[in-house]
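Some notes on the structure that comes next.
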Amino acid sequence: MDNLVELNLHLDGALSIDNCKKIAEIQNIDIPGDVEISNMMIVKDCHDLKEFLTKFEFPLSLLQTKEGIMNAIKNLQDELLEQGILYAEIRFAPSLHTRKGLSQEEVVNAEINGLNLSKLKSNLILCCMRGNNHDENIETVRLAKKYLDKGVCAIDLAGDEGTYPTKDYEDIFKYANELE
């Protein structure tokens, strides 16, 4: 088996059906029938990025508690190890995991704790999100700086670039540079 690395792996896009079932069970979330499969699969005639991004919603719904997040990252790393991966950088947007009351910092801590449950060497890329969420993005950058080299290795910008051009986030990345 080749020795491989996995860079730019989207947590909410990389969860297997088995991983989703495990984290749903831990959280006492019922997944009816094969709904999860249709909610996660990309169809051949996917028209655009906006349609593609809707497939992240189901797994994201399972990543709203510390337990769900920790177990999802640990299970994902274990699956990567089985595939021969030696190192991974897993990206996610902490602001998208706050729907049930977690703060972004609690989300980042749960991710880091999950990293430490597996033998796979991994780091996190914290994603700012395109959209009208400036304050959340500033918090994401602040947390990336706080946890840099403690499980976090980078920041990124994710989401629908057609609707929200990258140039609109220049101040976010200037702020990140000021923190160096």
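Taken together, the values in this text are just the output of simple stated rules run on the coordinates, not laboratory data. Please read these numbers as outputs of a predicted model, since none were measured by experiment. Note: ideal-geometry Cβ built from the backbone for every residue, glycine included; neighbour counts use all protein chains shown.
In this calculation the C-beta distance from N28 to I172 is compared with R0 = 35 Å, giving a FRET efficiency of 0.40. Checking the a/c ratio against 1.5 first, then a/b against b/c, what shape does the Cα gyration tensor give for the range 99-163? Verdict is prolate for the range 99-163. Subtracting the Cα-Cα distance of K146 and V5 from 0.36 nm times their residue separation leaves 48.2 nm of extension gain. Under a 5 Å amide H cut-off, with hydrogens placed 1.01 Å from N, H10 pairs with R91 among residues at least 5 apart or on other chains. In terms of packing, defined here as the mean over residues of other Cβ atoms within 10 angstrom, the peptides 163-172, 131-140 line up highest first as 131-140, 163-172. With the convex hull drawn around the C-alpha atoms of the chain, the volume per residue stands at 129 Å³. Looking at this model, which pairs from K119/K167; K74/K100; K119/K146; K22/K174; K21/K150; K21/K119 are more than 32 angstrom apart at the alpha-carbon? Exceeds cut-off: K119/K167; K22/K174.
Here the range 71-107 and the range 113-180 have alpha carbon centers that stand 14 Å from each other.
Across all directions, the shadow cast by the convex hull of the range 62-124 built on its C-alpha atoms averages 3.7 square nanometres.
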